[in-house]
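Visitor: One structure, pasted below without further comment.
The values are calculated or read from the model by the stated rules, or taken from the named source; none is laboratory data. Keep in mind the model is a prediction, meaning the values are calculated, not measured. Glycine gets a Cβ as well: all are built from the backbone with ideal geometry, and neighbour counts include every protein chain shown. To get the accessible areas, we keep the full protein, side chains included, count just its heavy atoms, and leave off ligands, DNA and RNA. Shrake-Rupley method; radii C 1.70, N 1.55, O 1.52, S 1.80 Å.
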Amino acid sequence: FMKSLFPMFQGAKIFKPGPGCSECLGGYLGRLPVYELLSVSPKISDLINRKVSQKDLGDAARENGMLTLAQETLIRVYSGHVDFNAVKGYILG
């Protein structure tokens with residue numbers, strides 16, 4: 001299901017719950033930021049100045065290489081840094 005939504009994960013290993021540890025509450029020690037970053041290229045700047053729709057701006061940003069917050073979150077899940085159970089409500093809605 002997830003791989004069909006995010007083709008970038010074709011061939012990725014299926015995630016599994018983290019083991020947790022005795023030193024941290026809820027199975028995590030420390031925090032890992034997850035963010036969405038829009039680099040303002042000349043094309044993006046022009047679209048902003050022309051006040052295009054949010055959809056058009058988002059499409060252009062993704063064409064320019066931007067990853068969405070959900071994609072960034074899944075990268076951390078698939079890399080083993082975040083347990084899917086901790087973020088599934090956000091990703092699945």
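Visitor: Please go through (1) modelled with pLDDT of 65 or more; (2) open to solvent by 60 Å² or more (accessible area, probe 1.4 Å) for TYR28 and return the number of the only condition it doesn't satisfy.
Guide: Tallying (1) modelled with pLDDT of 65 or more; (2) open to solvent by 60 Å² or more (accessible area, probe 1.4 Å), TYR28 fails exactly one: (1).
Visitor: May I pose another question? Which ones in segment 53-91 are modelled with pLDDT under 80 and either in a loop (DSSP other than H, G, I, E, B) or under 15 Å from LEU37 (Cα atoms) (or both)?
Guide: Answer for segment 53-91, where residues must be modelled with pLDDT under 80 and either in a loop (DSSP other than H, G, I, E, B) or under 15 Å from LEU37 (Cα atoms) (or both): SER79, GLY80, HIS81, VAL82, ASP83.
Visitor: I'm told GLU36 meets every condition in (1) surrounded by 10 or more Cβ atoms within 10 Å (Cβ to Cβ); (2) part of a helix (DSSP H, G or I); (3) modelled with pLDDT under 90 except one. Can you identify the failing condition by its number?
Guide: All conditions are met except number (2).
Visitor: Same structure, new question: Assess whether ILE48 counts as being open to solvent by 60 Å² or more (accessible area, probe 1.4 Å), at pLDDT 85 or above, closer than 25 Å to PRO33 by Cβ and of a type outside the set (Phe, Trp, Tyr).
Guide: yes
Visitor: Here is a follow-up. Has segment 67-81 got any residue that is among the β-branched types (Val, Ile, Thr), touching a Phe, Trp or Tyr at 6+ places or on another chain (Cβ under 7 Å), in contact (Cβ under 8 Å) with a residue 24 or more places away in the chain and surrounded by 12 or more Cβ atoms within 10 Å (Cβ to Cβ)?
Guide: yes
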